[in-house]
Amino acid sequence: MSARLEVDLERIGHNARALVALARVRGVSITGVTKAMLGLPELAHSMLDAGVVGLADARIENIERMREGGIRAPITLLRSPVPSEIDRVITAADVSCNSEIATVERLSSAAVDAHRRHGVVLMVELGDLREGLLPGDLLGAFGHCHQLPGVEVVGIGANLACRSGIAPDDTNMTTLSDLADALTRRFGVHLRVVTGGNSANLTWLQSTNSVGRINDLRLGESILLGCEPLRGLAIAGLHQDTAALVATVVESKRKPLQPWGERARVPFAPIGSERSTSELGCGWQAILAVGHLDTDPAHLTPPVGVRIVGASSDHLVVVSRCQIQLGHEVRFRPGYAAFARAMASPYVEKLVTYAPSLACTGANSPAEPLQNR
């Protein structure tokens, strides 16, 4: 393959251990999110060895992959179950996140038929406008679901900073805690899980005076890449060099820095300095065999001396101070969107690597293949 994603599970395991320890001080457990690596069993083992209390994924296919890979730990389905996949959810997942009563009713019926008991986390909308019951509807929904056979409402949860960028803070986390208290008072139940959110919650977790009833966070990006997603900042003590996207140069020429001719629309939105019209003259341009079908070019960090200036479905265009030779490789550090899309692309080879170098060019690092998809 012309591109590969190298992932250092040892460094990812270090990140998971550090975050588990950080959260434990505040009385919060960590659920490891595996979706960006398609439920790779090796990643699941790495997270479990680091002390996460369970795993979570948004796709039932990924959960089935982990089960087939021998993972027996508790696994939560993060995305609301698709009606046509209810039976698979009951078979493979211990818990699912839900915001539709009708879906919980289907889970109840399937669980009874399968002689199983399925856990339900009711999601609450706290402002990001992705999934969740409105706070005023939670008590009624809980009361109905609490009576259904075959399912147990094990907790409530929220998700922020994914669609609209609404940051977790004391206000919305207190709302979630207060709702947990209201459910306990009304129904006399003990909620095992009050899951406050994802990696975007880490800034709040470290700064708040009280976590309230929040006792779980679902972490993926911060474990995989060592960054918090709100501002893309590195988290102290964590590895950010856990992965590299490596692509091969298929054209290397000195070319004008500006296109010419009448401009029209392009299939993909411009990225990086592709928007710039101030540069004049010529420079060294290289085309790499990776594009939008393989990754998110806007979330790739190039090595020093290399700048991304454009991308199409199959090509990434960079300029550099010196010529990058035809056939050479360039290594990029992927952000979360680039990482996840590269992992999902059938055109990108996946390798486990150890201490990958992020140099501009050079020989391949020692690597061994991951389990094939």
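Of the residues making up the stretch 153-171, those that are of a type outside the set (A, V, I, L, M) and either more than 16 Å from ILE214 (Cα to Cα) or surrounded by fewer than 20 Cβ atoms within 10 Å (Cβ to Cβ) (or both) are CYS162, ARG163, SER164, GLY165, ASP169, ASP170, THR171. Small (Gly, Ala, Ser) and more than 18 Å from ILE63 (Cβ to Cβ): which single residue out of GLY132, GLY157 fits that description? Going through GLY132, GLY157 in turn, just one is small (Gly, Ala, Ser) and more than 18 Å from ILE63 (Cβ to Cβ): GLY132.
Given the structure, is GLU251 at pLDDT 95 or above, among the charged types (D, E, K, R) and in contact with a Leu (Cβ under 9 Å, 6 or more places away or on another chain)?
Values: at pLDDT 95 or above: yes; among the charged types (D, E, K, R): yes; in contact with a Leu (Cβ under 9 Å, 6 or more places away or on another chain): yes.
So GLU251 passes the test.
Residues in the stretch 14-39 that are among the small types (Gly, Ala, Ser) and surrounded by 20 or more Cβ atoms within 10 Å (Cβ to Cβ) were compared, and the one that is nearest to LEU245 (Cα to Cα) is ALA36.
Among the residues making up the stretch 202-238, those that are under 24 Å from GLY13 (Cα atoms) and surrounded by fewer than 20 Cβ atoms within 10 Å (Cβ to Cβ) are THR203, GLN206, LEU230, ARG231, GLY232, LEU233, ALA234, ALA236, GLY237. In summary, GLU262 fulfils each of the numbered conditions (1) assigned to a loop (DSSP other than H, G, I, E, B); (2) closer than 16 Å to GLY335 by Cβ with the single exception of condition (2). Out of all the residues in the stretch 107-129, which are in contact with a Lys or Arg (Cβ under 9 Å, 6 or more places away or on another chain) and surrounded by fewer than 17 Cβ atoms within 10 Å (Cβ to Cβ)? Listed by number, the list holds a single entry, LEU129.
Do we find that GLY51 is at positive phi and of a type outside the set (Val, Ile, Thr) in this structure?
On the way: at positive phi: yes; of a type outside the set (Val, Ile, Thr): yes.
The answer is yes for GLY51.
For the stretch 245-257, the condition holds for at least one residue, the condition being that it is farther than 27 Å from PRO74 by Cβ, touching a Cys at 6+ places or on another chain (Cβ under 7 Å) and among the basic types (Lys, Arg). In the stretch 63-79, the condition of being among the hydroxyl-bearing types (Ser, Thr, Tyr) and out of contact with any Cys (no Cβ under 9 Å at 6 or more places or on another chain) is met by no residue.
The set of residues in the stretch 147-197 being farther than 19 Å from THR76 by Cα, among the charged types (D, E, K, R) and more than 24 Å from the chain's Cα centre (by Cα) consists of ASP178, ASP181, ARG185, ARG186.
What do you reckon, is VAL89 buried (at least 18 other Cβ atoms within 10 Å of the Cβ), in contact with a His (Cβ under 9 Å, 6 or more places away or on another chain) and either aliphatic (A, V, I, L, M) or in the same structural domain as GLY157 (by TED's automatic domain parsing) (or both)?
On the way: buried (at least 18 other Cβ atoms within 10 Å of the Cβ): yes; in contact with a His (Cβ under 9 Å, 6 or more places away or on another chain): yes; either aliphatic (A, V, I, L, M) or in the same structural domain as GLY157 (by TED's automatic domain parsing) (or both): yes.
Yes; evaluated as a whole, the condition is true for this residue.
Please work out if PRO149 is in contact (Cβ under 8 Å) with a residue 24 or more places away in the chain, in contact with a helix residue (DSSP H, G or I) (Cβ under 6 Å, 6 or more places away or on another chain) and surrounded by fewer than 17 Cβ atoms within 10 Å (Cβ to Cβ). Taking the combined requirement at face value, the residue satisfies it.
The values are calculated or read from the model by the stated rules, or taken from the named source; none is laboratory data. If you're wondering where the values come from, they're calculated on a predicted model, not measured in any experiment. Neighbour counts are summed over all protein chains in view; Cβ atoms, including those assigned to glycine, are modelled from backbone coordinates with ideal geometry.
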